[in-house]
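See below for the structure under consideration.
The values are calculated or read from the model by the stated rules, or taken from the named source; none is laboratory data. Everything numeric here is computed off the predicted structure, so don't read it as measured data. Here the Cβ is made from the backbone with ideal geometry for all residues, glycine too, and neighbour counts use every protein chain on show. The area values use the complete protein model at the heavy-atom level, side chains included, leaving out ligands, DNA and RNA. Shrake-Rupley method; radii C 1.70, N 1.55, O 1.52, S 1.80 Å.
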Amino acid sequence: MASRRFVSLLSRRSEWAPRFRNPGKTVCKHSTHQYIRNQRLLHTAKPVMMMKLLSVDELFAKTSLQEHLKKVEEEYDECLQAVTYSGAEDERSEDDMKAKRTKVSLLAPLIQSIRELDKKQKEATDTETLLKDDDASLRELAELERESCLQDIQDLRQKILELLIPEEEVDMSDLVLEVTAGVGGQEAMLFTTEMFDMYEGFAQYHGWSFDVLEHMPSDLGGLRHASASISGPHSYKKMKFEAGVHRVQRVPKTEKQGRMHTSTMTVAVLPQPTEISFTMNPKDLRIETKRASGAGGQHVNTTDSAVRIVHLPTGLVAECQQERSQLKNREKAMKALTAKLYSMKLEEETSKRYNQRKVQVGTKGRSEKIRTYNYAQDRVTDHRISMTVHDVRGFLLGEDLLNEMNSSLQEFSDQETLMELLEEGSQEEP
């Protein structure tokens, strides 16, 4: 049952935050078409077919949601009864009873909210009768009571929707960010530098740490490739939607005739596992040292401080030469390699629903984009949700505008997850 799948996912969440919009508040302009289901993962390079962000009231008006809540209640009552009245003579296994007790515990907050909502809806109905009373003072009190009930109903509906959406297991992870110049030569490399700086600003905006792992500059001050380790509360959850191909349209500094060029760069966001959740066999690693190259003074060219680690079974490679210390470079390279291997593991485990890194990096082509930065029109457009904000330079600061864009992407993603859950439930109906 979809409700059983929901319970298994529910056990992985860690905290709840408001993720659905109230009635009348829109995120962007869309056509009047209703929601059309496609891929639920907005943090890939593939566009989604979501035409409208539904309000809380619109979601609760759906029969599929009401039926799903009813199923969850029935399953909760069934498990609670089994746990309450189980005796020594009960033939059910201890594992089965343990699973039921866990399910009761996980579902309890949701069931409580559902039943509080039912109670408030009945109270609101009762006050409707009092609004027709001949006594003016009674009608005034009934109106106040009705407004209070309607607000409570809205709050409870919001809470129920939040409880229905489970956190992804990796949402609480730190991450490794990779940026790579795509099509467009030196201009693409210059844009890659600006994007890398934007994400450093985004990390500072949220109070996260930003530790550079790789930095491969171009001759004109751009970046061919760079990576950084980002750590902080909800860092992966807020950064995952940045993965994919980013396109810039502007007149480059290198353009002498004033023509507009289109260039691209790619972003990969790799969840950073904990040591407990992911380990590597040292025998699978080949660690090489060499002299660092590029700017950095005399020390860079006279010591074997650069480290290159190869994972032999997969061929994945991570390098670091940012630090003067070989030990620190080795530690950073190992962190980057671990993130790559963990991302590969996640991709294998969930290949039908997730495309963690291959889809993020894509082919780097101009047409395969998730977001466009158009300087002439001073706009940034996210093509996955058709959202446009203005002030490109303000957006590249990595502060309020980028955060607003990511919040909107999260809302669409949450709604898509909910709609997918409801659709699975309807397909399981006999």
Next item on the list: At least 1 residues that are modelled with pLDDT of 70 or more in each: list the helices (runs of 4 or more DSSP H) lying fully within the range 332-430 that qualify.
Entry: 392-395, 400-427
Check: Looking at the range 163-172, which of its residues are part of a helix (DSSP H, G or I) and either open to solvent by less than 20 Å² (accessible area, probe 1.4 Å) or among the aromatic types (F, W, Y) (or both)?
Finding: L163, L164, V170, D171
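Kindly evaluate E116 against the criterion of being assigned to a helix (DSSP H, G or I) and of a type outside the set (F, W, Y). Quick ask: steps written out before the conclusion?
Numbers: assigned to a helix (DSSP H, G or I): yes; of a type outside the set (F, W, Y): yes.
Yes, satisfied.
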Next item on the list: Would you mind telling me which numbered condition in (1) closer than 26 Å to A188 by Cα; (2) surrounded by 18 or more Cβ atoms within 10 Å (Cβ to Cβ); (3) at pLDDT 85 or above L316 fails?
Entry: (2)
Margin query: Just the residues that are farther than 25 Å from S343 by Cα and part of a helix (DSSP H, G or I), please, taken from the range 173-203.
Written below: G185, Q186, E187, A188, M189, L190, F191, E194
Check: Given (1) surrounded by 22 or more Cβ atoms within 10 Å (Cβ to Cβ); (2) aliphatic (A, V, I, L, M); (3) at pLDDT below 95, where does V179 come up short, assuming only one miss?
Finding: (3)
Next item on the list: Quick one: S137 ticks every box in (1) surrounded by 12 or more Cβ atoms within 10 Å (Cβ to Cβ); (2) assigned to a helix (DSSP H, G or I); (3) over 31 Å from the mean Cα position of the chain (by Cα) except a single one, so which number is it?
Entry: (1)
Check: Which condition number in (1) within 30 Å of D414 (Cβ to Cβ); (2) crowded, with 17+ Cβ neighbours inside 10 Å is the one that A142 fails?
Finding: (1)
Margin query: Of everything in the range 183-202, what is open to solvent by less than 10 Å² (accessible area, probe 1.4 Å), aliphatic (A, V, I, L, M) and in contact with a Leu (Cβ under 6 Å, 6 or more places away or on another chain)? Give them in sequence order.
Written below: M198
Item checked: Selection within the range 249-285 - within 23 Å of the chain's Cα centre (by Cα) and within 23 Å of T381 (Cβ to Cβ) -> T264, M265, T266, V267, A268, V269
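Which residues, taken from the range 204-243, are assigned to a helix (DSSP H, G or I) and surrounded by 22 or more Cβ atoms within 10 Å (Cβ to Cβ)? Outline the logic, then answer.
Residues of the range 204-243 that are assigned to a helix (DSSP H, G or I), as a first pass: 204-206, 235-242.
The answer is S235, Y236, K238, M239, K240, F241, E242.
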